[in-house]
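Here is the structure we will look at, set down as structure tokens.
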Amino acid sequence: ILGEHLRICPQGYTCCTSEMEENFANKSRSEFEAMMKEAGRSVQTTLTAQHRSFDSYFQDLLNKSEKALYDAFPSMYGELYTQNMKVFKDLYSELRRYYRGSNINLEEALNEFWTRLLERLFKLMNPQYHITDEYLDCMVKHAEQHKPFGEVPRDLKVKTTRAFIAARSYAQGFLVGSDVVKKVSQVSLSHECTRAIMKLMYCPHCRGMSSVKPCNNYCLNVVKGCLANQADLNTEWKYLMDSLVIVADRIDGPYNVDTVIGTIHMRIAEAISNLQENKDSITAKVFQGCGNPKISTKGSSSEDKKRRGKVTLEAKSSAQALEMLVLDAKGNLTALKTYWITLPSSLCSKKVMASSAADDKCWNGMTKGSYLPEVMGDGLANQINNPEVEVDITKPDMTIRQQIMQLKIMTNRLGNANIGNDVDFQDASDDMSGSGSGDSCPDDVCGKRLSKSPSTRQPETHAIPKQSGHGINGASSRSLPSAFLLLLLVAFIAAQHLWR
């Protein structure tokens, strides 16, 4: 029949009614959106699998260290351990909370651990004295000078914070990448895009050419027009993939998590040994600085708090497993770098089953023949002259722009982690997509954040800069208009006087 009733397909002779054309349009839209989600799911699966592998490895490393401590310390230290078990448990609990994304100052948490341990051990090793809380405060103030645990606290703090910062940023990077793909893959097609996809995929059916495949370049122009906003993710997406690769090298290199995390219990044992071996000299120095405490009337029935036999602490290396994890991750990340700009080609070749570019017997949008227009570039700005899809380049998709910002924020966090700087993460209970906490965080803020507050603190948000004209300066700026009007009035009266 004549196709004068058709609103999308060419109006030559056709075998489609208006209802059929509408059905085909709905079908093509749902099929294309399903293709997008399927392609996105493949990327999501890869990223979440990488996250799961690393997370499992890291948690296992921490669990083994804690178990080794619980197994060996009772026989090594007796009451020194059993009466202070909670101090050790709290340390590992804080380390886990930090890794999972809670806003904990890791340096403060480690400082708090050594302080609490020193206070407990000093009292246990000097049971004949009545040591008050005020006396312990004085002792702690001198601890940095006397170094009761040797160099272990400082060395462990430097290495552990770097390893944990890198590990949790790395793990979070995979989740953010997966979440961005999920949200972007769910963006609905525009009305213009629906028409273009219908014309590409089902108009040949209406012309009795159901076996004729679309021309490849024709398919590329349609899909590039429809996915113009998605292609604009490319730059920040590549930065994220590259940043994850760099941090992966840190995790298996300078900040080696296998060496650092797997030996925490050994370093604590080394620190306690330092304290025991230098007990007399350290006690004498404390007494000299803080005075002699009163003799305890209770006395002590358990004088021997020293080692009860030799127990050899070992660290079972899983360096090979870490190396394999990192190699696998780097391979996948490299493969995913160009995902957004290769997506149109992938959809056209694998899903739409377009014909080859040189084929002159393909569907070109009007009939069977060659497709002459050139292929458009990638991204929104390059679609201004797209012959197949009408794209308003002045109206970017806001959902996708938000995801571009999430990629920037995560890349910034990874960049800081690469140089050992800490940045705020949202609490683990918050939405993983983030609100921007930590974005554009300057080095002097992202670095050491020691304060007198407890280790758990409120996050600092750097995403939104302070607006001018607020705060202290705001009051003076608000008074400017009235002063200006007064000056203007004086000038006007003076001018009138001179004129007269």
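The values are calculated or read from the model by the stated rules, or taken from the named source; none is laboratory data. Nothing here was measured: the structure is a model prediction, and the numbers come from that model. Counting neighbours? That spans all protein chains shown, and the Cβs are built from the backbone with ideal geometry, glycine included. Each accessible area value is taken on the protein alone, full model and side chains, heavy atoms only, with ligands, DNA and RNA left out. Shrake-Rupley method; radii C 1.70, N 1.55, O 1.52, S 1.80 Å.
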### Query
Label residue 405 and residue 31 with points 7 Å out from Cα along Cα→Cβ: what is the distance between them in nm?
3.7
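In whole percent, and with a 1.4 Å probe on the protein chains, what portion of the accessible area of the stretch 202-298 is carbon and sulfur?
Details: 1760 of 3900 Å².
Here it works out to 45 percent.
What shape does the stretch 1-121 have by the C-alpha gyration tensor, where a ≥ b ≥ c are the square roots of the eigenvalues, rounded means a/c under 1.5, and otherwise prolate means a/b greater than b/c and oblate the rest? Show your work: numbers first, answer last.
Working: a/c = 8.13, a/b = 4.80, b/c = 1.70.
Prolate shape, in that a/c is at least 1.5 and a/b is the bigger ratio.
When each pair of different Cα atoms in the stretch 376-423 is counted once in the 1/r mean, what is the Kirkwood radius in angstroms, to one decimal?
Working: mean 1/r = 0.0759 Å⁻¹.
Value: 13.2 Å, from the Cα pair sum.
Which value, in Å², gives the accessible area per residue of the stretch 317-399 when a 1.4 Å probe is used on the protein heavy atoms?
Working: 4740 Å² over 83 residues.
Computed with neighbouring chains in place, this is 57 Å² per residue.
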### Summary
Cα-Cα longer than 22 Å, checked against 86/157; 182/350; 67/141; 86/294, kept in input order, equals 67/141; 86/294
### Query
How many Å² of accessible area per residue for the stretch 143-233, probe 1.4 Å?
33
### Query
Where does each of 102, 93 land when they are ordered by accessible area, with a 1.4 Å probe and the largest first?
93, 102
#### Entry: Part-to-part distance (alpha-carbon centres) for the stretch 209-270 and the stretch 120-161, which is given in Å
45
#### Entry: Along principal axes, Cα extents of the stretch 140-207, largest first, whole Å
89, 18, 10
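Taking the Cβ of residue 326 as the centre, find all other residues whose Cβ is under 12 Å away and add up their charges (Lys, Arg: +1; Asp, Glu: -1).
Numbers: positive: 250, 330; negative: 249, 252, 258, 323, 328.
So the surrounding residues net to -3.
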### Query
Using a probe of 1.4 angstrom, how much of the accessible area of the stretch 1-154 is carbon and sulfur, in percent?
49
